[in-house]
Amino acid sequence: MRKNVGTLDAIMRITCGLTGLAWGTSKMSRHYDRTMPMLVSIYSAMKVAEGITRYCPILDMLNVNSEKLLSRNDSFPSSDENVQALPSHGGTK
């Protein structure tokens, strides 16, 4: 398996996954026969595992690599270039 989850993405997956696991566990401790807390716990456990291993099978299937999404070497046009690229509206004065 190659890593396809960036560091920030991995931290967010672990944090949200542990939060979901805590919520699901607290709900299942009182009502063990409910479906929603069980589904949230399973999904959250998958997110924690993806964050720890830094591999997501869905991203791999879509050929997306979130390690390169927030790289500082990417050159995005500045906001001034975006404003200049907009067509003028030819309004009246």
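Suppose the filter is in contact with a Pro (Cβ under 6 Å, 6 or more places away or on another chain) and either at pLDDT 65 or above or of a type in the set (A, V, I, L, M, F, W, C) (or both); does LYS27 pass it?
Yes, satisfied.
Of the conditions (1) of a type in the set (Gly, Ala, Ser); (2) at pLDDT 95 or above; (3) not in a helix (DSSP H, G or I), ALA45 satisfies every one except a single condition; which number is it?
(3)
The values are calculated or read from the model by the stated rules, or taken from the named source; none is laboratory data. Being a predicted model, the structure only gives us computed values, none of them experimental. All Cβ positions, glycine included, derive from the backbone under ideal geometry; neighbour counts span all protein chains shown.
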